[in-house]
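Only one structure is covered here, and it is reproduced in the block below.
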Amino acid sequence: MEQTVTTANLDATVAALGDAVNDVRVFRDEVTLITTKGRVVEVLTHLRDAQHFDMLTDETCVDYLPKEPRFAILYQLYSTSRNIRVRVKVMLSEYDRSIPTAAGVWIAANWLEREIYDLFGINFENHPDLRRIMMPPGWEGHPLLKENPVKVEEVAFTFNRERVEADKPRAQE
Amino acid sequence: MGLEQKLGNMGVVTMSAEKAINWARTNAIWPMLFGLACCAIEMMSTQASNYDLSRFGMELMRASPRQSDLMIVAGRVSRKMAPVLRNLYDQMPEPKWVIAMGDCASCGGVFNNYAVIQGVDEIVPVDVYVAGCPPRPEALIDGILKLQDKIKKEPLTKWQ
Ligand code: SF4
């Protein structure tokens, strides 16, 4: 049966990490370790080597716009030998959108970090190949940031139809 | 039509070149094999035996734009795909037509966001729009018949 890091073995994990982990949250048996950007690589390397979290299933970002710190980088880890999961979370400030890369810990982080860079504009320090991966190469901006509008085109109703149609770009033969 | 009186009943039909050419074009449209999203599934079933598009002279889906006359844009077009789509359109030999199949290709559909072109008419000229999400094969066939009516009326001077 699949289980997450349980409270029984959690204490040992947290104790081994010492003050690198600021906070531990347990919600419905899901464990989140909260750490800082300066020590995240150390925490991830420890989890991989000493705790056998050999698989990075996902790495993603959340934009909590009005709040500060604004961004959260999340690492979802899985241990194939122990069949348990854990999440590592790092908060990032709006004014310092950079974090050391995890591509040296799991190679899977390479493309996941490119995706975060592409959509959120987070800079991964020492990343081997930080280029856009989803959007076209000439794209300007980072589309999943919350300051972007949700819609790109005004929805046409009877009262504004003519204006919307007039603004619409049309193809030539 | 003065020829019959002179030649007798020899089975000769006379008509304008425009009509003859349009008749030939109408009944041998080769669509391009080009599915982009979920609508492509309906395009495939339109093609398959239940609905059988070959009844209308379209049994050949060509995998190359250089051999096709009709581009059925079946699905949403992402902004990254847009230059590719235009490139394929430019590679098709004239005469050529475009059907925007489904809400996404016609106007962006439910995807009013940064990633999807708000209607494929922003990048290629569209002849027939087929509504629906996805349109049933009957709807696509209706769109194709509408296109055939349109081709029959086209002046020869349009494609030079
Ligand atoms: S119109 Fe509907 S079925 Fe067709 S591509 Fe868009 S979402 Fe998919």
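Filtered by the rule that a residue be away from the ligand (no atom under 16 Å from the Cβ) and in contact (Cβ under 8 Å) with a residue 40 or more places away in the chain, the range B:55-82 gives B:Phe56, B:Met58, B:Asp69, B:Leu70. Flag: A:His127 does not match the condition of being assigned to a loop (DSSP other than H, G, I, E, B), surrounded by 15 or more Cβ atoms within 10 Å (Cβ to Cβ) and within 11 Å of chain B (Cβ to nearest Cβ).
Pairing residues of the range B:124-145 that are farther than 10 Å from B:Met101 by Cα and in contact (Cβ under 8 Å) with a residue 12 or more places away in the chain with residues that are in a loop (DSSP other than H, G, I, E, B) and among the aromatic types (Phe, Trp, Tyr), at Cβ distances under 6 Å and at least 6 apart in sequence or on separate chains, gives B:Pro137/B:Tyr51. Exactly one residue out of B:Gly109, B:Gly132 is open to solvent by less than 70 Å² (accessible area, probe 1.4 Å), within 14 Å of chain A (Cβ to nearest Cβ) and either part of a loop (DSSP other than H, G, I, E, B) or at pLDDT 90 or above (or both), and it is B:Gly109.
The single condition among (1) within 13 Å of the ligand (Cβ to nearest atom); (2) surrounded by fewer than 20 Cβ atoms within 10 Å (Cβ to Cβ); (3) within 27 Å of A:Glu165 (Cβ to Cβ); (4) not small (Gly, Ala, Ser) that B:Pro137 does not satisfy is (3). The set of residues in the range B:89-105 that are open to solvent by 10 Å² or more (accessible area, probe 1.4 Å), away from chain A (no Cβ under 12 Å) and within 14 Å of the chain's Cα centre (by Cα) contains only B:Pro93.
Per-residue answers, yes or no, for (1) surrounded by 18 or more Cβ atoms within 10 Å (Cβ to Cβ); (2) away from chain A (no Cβ under 14 Å); (3) at pLDDT below 85; (4) within 16 Å of the ligand (Cβ to nearest atom):
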| residue | (1), (2), (3), (4) |
| --- | --- |
| B:Arg25 | yes, yes, no, no |
| B:Trp30 | no, yes, no, no |
| B:Phe34 | yes, yes, yes, yes |
| B:Glu42 | yes, yes, no, yes |
| B:Asp52 | no, yes, no, no |
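Pairing each residue of the range A:160-173 that is more than 7 Å from chain B (Cβ to nearest Cβ) with any residue that is assigned to a loop (DSSP other than H, G, I, E, B), provided the two are 6+ apart or on different chains, yields C-beta distances under 6 Å for A:Val164/A:Glu154; A:Val164/A:Ala156. Would you call A:His46 open to solvent by 60 Å² or more (accessible area, probe 1.4 Å) and in contact (Cβ under 8 Å) with a residue 12 or more places away in the chain? So A:His46 fails the test. Go through (1) part of a loop (DSSP other than H, G, I, E, B); (2) away from the ligand (no atom under 16 Å from the Cβ) for B:Lys146 and report which single condition fails. Here B:Lys146 clears every test but (1). The set of residues from the range B:112-129 being away from the ligand (no atom under 12 Å from the Cβ) and part of a helix (DSSP H, G or I) comprises B:Asp121, B:Glu122. Within the range A:155-173, the set of residues being surrounded by 12 or more Cβ atoms within 10 Å (Cβ to Cβ), modelled with pLDDT of 80 or more and assigned to a loop (DSSP other than H, G, I, E, B) comprises A:Ala156, A:Lys168. Taking the range B:72-87 as the search range and keeping residues that are surrounded by fewer than 19 Cβ atoms within 10 Å (Cβ to Cβ) and more than 10 Å from chain A (Cβ to nearest Cβ), which one is farthest from B:Pro135 (Cα to Cα)? Filtering first and then ranking leaves B:Asn87.
The values are calculated or read from the model by the stated rules, or taken from the named source; none is laboratory data. What you see is a predicted model, and the numbers here were worked out from it, not measured in a lab. Positions of Cβ are generated from backbone atoms using ideal geometry, with glycine treated the same way; all protein chains shown enter the neighbour counts. Calculation scope for accessible area: heavy atoms of the full protein, side chains included, ligands and nucleic acids excluded. Shrake-Rupley method; radii C 1.70, N 1.55, O 1.52, S 1.80 Å.
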